[in-house]
1. Check Phe53 against each of (1) under 16 Å from Glu85 (Cα atoms); (2) within 10 Å of the chain's Cα centre (by Cα); (3) among the aromatic types (Phe, Trp, Tyr) and name the one condition it does not meet.
2. What do you reckon, is Ile81 surrounded by 15 or more Cβ atoms within 10 Å (Cβ to Cβ) and modelled with pLDDT of 95 or more?
3. Hey, could you check the range 61-85 for residues that are charged (D, E, K, R) and in contact with a Pro (Cβ under 9 Å, 6 or more places away or on another chain) and say which is farthest from Pro22 (Cα to Cα)?
4. Give the residues of the range 4-21 that are open to solvent by less than 50 Å² (accessible area, probe 1.4 Å) and at pLDDT 95 or above, sorted by residue number.
5. Taking the criterion of being of a type in the set (Ser, Thr, Tyr) and under 17 Å from Arg82 (Cα atoms), would at least one residue in the range 12-29 satisfy it?
6. Being out of contact with any helix residue (DSSP H, G or I) (no Cβ under 8 Å at 6 or more places or on another chain) and open to solvent by 60 Å² or more (accessible area, probe 1.4 Å) is the requirement here; does Lys55 meet it?
7. Condition (residue is out of contact with any Pro (no Cβ under 7 Å at 6 or more places or on another chain), among the aliphatic types (A, V, I, L, M) and open to solvent by 60 Å² or more (accessible area, probe 1.4 Å)) applied to the range 27-41: is it met by at least one residue?
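The values are calculated or read from the model by the stated rules, or taken from the named source; none is laboratory data. Quantities reported herein were computed from a predicted structural model and do not represent experimental measurements. Backbone-built Cβ (ideal geometry, glycine too); neighbour counts: all protein chains shown. Only protein heavy atoms, including side chains, enter the accessible area calculation; ligands, DNA and RNA are left aside. Shrake-Rupley method; radii C 1.70, N 1.55, O 1.52, S 1.80 Å.
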Amino acid sequence: MPVISRFYGIIIAMYFSDHNPPHFHAKYSGYEALFNFDGDILEGELPKRAVKFVKEWIQQHKIELEDNWNKAQQGEPLNYIRPLE
């Protein structure tokens, strides 16, 4: 599970050859949630403040997320995405 970003204690990761729909995993303080690239939680949960940060980060990096998803499906190395600042 390659980590593609870290910010405010939140770890963002994407699995190789993961199932559709396109998504990533966000982990924070014992919580984990799967987010699609529109910012919807598909599964799991995070504290509200962490959800807010993740959604803001998605808005800034949607194209990069889509690019990484395509790379992950092909088994190619993923790019690190700048953290939320």
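1. (2)
2. Taking the combined requirement at face value, the residue satisfies it.
3. Top of the filtered list is Lys71.
4. The first filter runs over the range 4-21 and keeps only residues open to solvent by less than 50 Å² (accessible area, probe 1.4 Å), leaving 4-5, 7, 10, 12-14, 18.
Ile4, Ser5, Phe7, Ile10, Ile12, Ala13, Met14, listed by residue number.
5. Scanning the range 12-29, I find no residue that is of a type in the set (Ser, Thr, Tyr) and under 17 Å from Arg82 (Cα atoms), so the answer is no.
6. yes
7. Yes, that holds for at least one residue.
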